[in-house]
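S.K.: A single structure is presented below for examination.
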Amino acid sequence: MAMRQTPLTCSGHTRPVVDLAFSGITPYGYFLISACKDGKPMLRQGDTGDWIGTFVGHKGAVWGATLNKDATKAATAAADFTAKVWDAVSGDELMTLAHKHIVKSVDFTQDSNYLLTAGQDKLLRIYDLNKPEAEPKEISGHTSGIKKALWCSDDKQILSADDKTVRLWDHATMTEVKSLNFNMSVSSMEYIPEGEILVITYGRSIAFHSAVSLEPIKSFDTPATINSASLHPEKEFLVAGGEDFKLYKYDYNSGEELESYKGHFGPIHCVRFSPDGELYASGSEDGTLRLWQTVVGKTYGLWKCVLPEEDSGELAKPKINFPETAEEELEEIASENSDSIYSSTPEVKA
């Protein structure tokens, strides 16, 4: 029976959502952090989108956000020339790391002892979080502002992307191992540890490379300019979103388009699969996050499959465990939060 995709819409931000990241699976579930141009990154329960808290302290747009594996720490990168590290349980700011230009990317090592930052000053910086007073190690070599920087290969190597170049660095020697050049701007980069796969988007293309050697694996062409793509943890599916407001789902093995549907009321800036692969999240110019089921109709989180009466002619649809609102109407964005991390709760809507 045909099923209709019914996303959960997470309001609360007042400007475009430009980055998001999931934690690993913890004893308390998994969590989702979002970066927004409103300067107020938010933490949510990953499987429901329920708001937990807002990290207050940046004085400019937040361009990047991440959580460590067990969701005890968060890090954010901002236009106020700082990266900040937060206690993700209490919401307290742990440290502010001053930079000389806009910071775009942050990433923890697996043991959470080091933080990698990058941004408009074209430098990679590695901070020892156990020695906050120490100067960071710096790696130079990029010729334009860095959009994304990620640890890879058990933190032995670093991947970084500027406008049209992706570079692989050796952590021990702080030297470049290899680089990839593209004929147009790289819009996003995702690293998949299982299988050492690097997902790169540029123009209308989604490319997969070995994260160890940067050798190409395969690539897909899409109908629109893509801003972000994410590979399912089991490497079955790929989701992508971009300038045409739509989300696309592809079979990773064959490249066949499985689904496409209007995802937002503005360009989609970021998409990511949850660590269990049951859902994926998207962030948009329209100021909202949306959560989508990987397998439509499965009972999971706030979704509960309810089948219509036989011979009614209706499509089966997932039921949300709270009142529905018209999906065609753009949800009113919640008012800005107060200075408390536990300010009034933004809504989650069907």
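The values are calculated or read from the model by the stated rules, or taken from the named source; none is laboratory data. Nothing here was measured: the structure is a model prediction, and the numbers come from that model. We place every Cβ from the backbone using ideal geometry, glycine too, and count neighbours over all the protein chains shown. These accessible areas exclude ligands, DNA and RNA; they are computed on the full protein's heavy atoms, side chains included. Shrake-Rupley method; radii C 1.70, N 1.55, O 1.52, S 1.80 Å.
S.K.: Using the alpha-carbon centroid of each, what span in Å lies between the range 200-232 and the range 163-182?
M.R.: 17 Å
S.K.: Moving to a separate point now. Could you work out the relative contact order of the range 2-129, using alpha carbon pairs under 8 angstrom and six or more residues apart, expressed as a whole percent?
M.R.: Computed value for the range 2-129: 16 percent relative contact order.
S.K.: Ok, one more. What are the residues whose amide H is under 5 Å from the amide H of T72, where those residues sit 5 or more places off or on another chain and H is modelled from the backbone?
M.R.: Amide H to amide H, under 5 Å and 5 or more residues apart or across chains, T72 pairs with nothing.
S.K.: Which pairs break 30 Å Cα to Cα here: K37/K298; K148/K304; K147/K262; K131/K218; K37/K246?
M.R.: Over 30 Å Cα-Cα: K37/K298; K148/K304; K131/K218.
S.K.: Please state the charge dipole magnitude for the chain, taken about the Cα centre, from unit charges on C-beta atoms (+1 on K and R, -1 on D and E), reported in debye and rounded to the nearest 20.
M.R.: I would put it at about 820 debye.
S.K.: Starting from the Cα gyration tensor of the range 172-215, take the square roots of the eigenvalues, sort them a ≥ b ≥ c, and report rounded, prolate or oblate (rounded when a/c is under 1.5, otherwise prolate if a/b is larger than b/c, else oblate).
M.R.: Because a/c hits 1.5 or more and a/b fails to exceed b/c, the range 172-215 counts as oblate.
S.K.: Relative contact order of the chain: what whole-number percent is it, with Cα pairs under 8 angstrom and at least 6 residues apart?
M.R.: Once divided by the residue count of the chain, the mean separation gives 17 percent.
S.K.: Under the rule a/c < 1.5 gives rounded, and otherwise a/b versus b/c splits prolate from oblate, where does the range 198-269 land using the Cα gyration tensor?
M.R.: Since a/c reaches 1.5 and a/b is larger than b/c, the shape of the range 198-269 is classed as prolate.
S.K.: Here is a further query. Per residue, how much accessible area does the chain have with a 1.4 Å probe, in Å²?
M.R.: 42 Å²
S.K.: Same structure again: Among S11, F22, N68, which residue has its Cα positioned farthest towards the positive end of the charge dipole of the range 1-98, with +1 placed on the Cβ of Lys and Arg, -1 on the Cβ of Asp and Glu, and the dipole taken about the Cα centre?
M.R.: S11
S.K.: Mind putting a number on the dipole of the range 246-285 about its Cα centre? Charges go on the C-beta only, +1 for Lys and Arg and -1 for Asp and Glu, and I need it in Debye to the nearest 20.
M.R.: Its charge dipole is roughly 200 debye.
S.K.: Is the chain best put as rounded, prolate or oblate by its Cα gyration tensor, with a ≥ b ≥ c the root eigenvalues, rounded for a/c under 1.5, and otherwise prolate when a/b is larger than b/c, oblate when not?
M.R.: oblate
S.K.: Between T173 and E257, what FRET efficiency follows from the Cβ-Cβ distance if R0 is 35 Å, with the result rounded to 0.05?
M.R.: Efficiency at R0 = 35 Å is approximately 0.25.
S.K.: Report the charge-dipole magnitude of the range 137-252 in Debye, nearest 20, computed about the Cα centre from +1 at each Lys and Arg Cβ and -1 at each Asp and Glu Cβ.
M.R.: Dipole size: approximately 260 debye.
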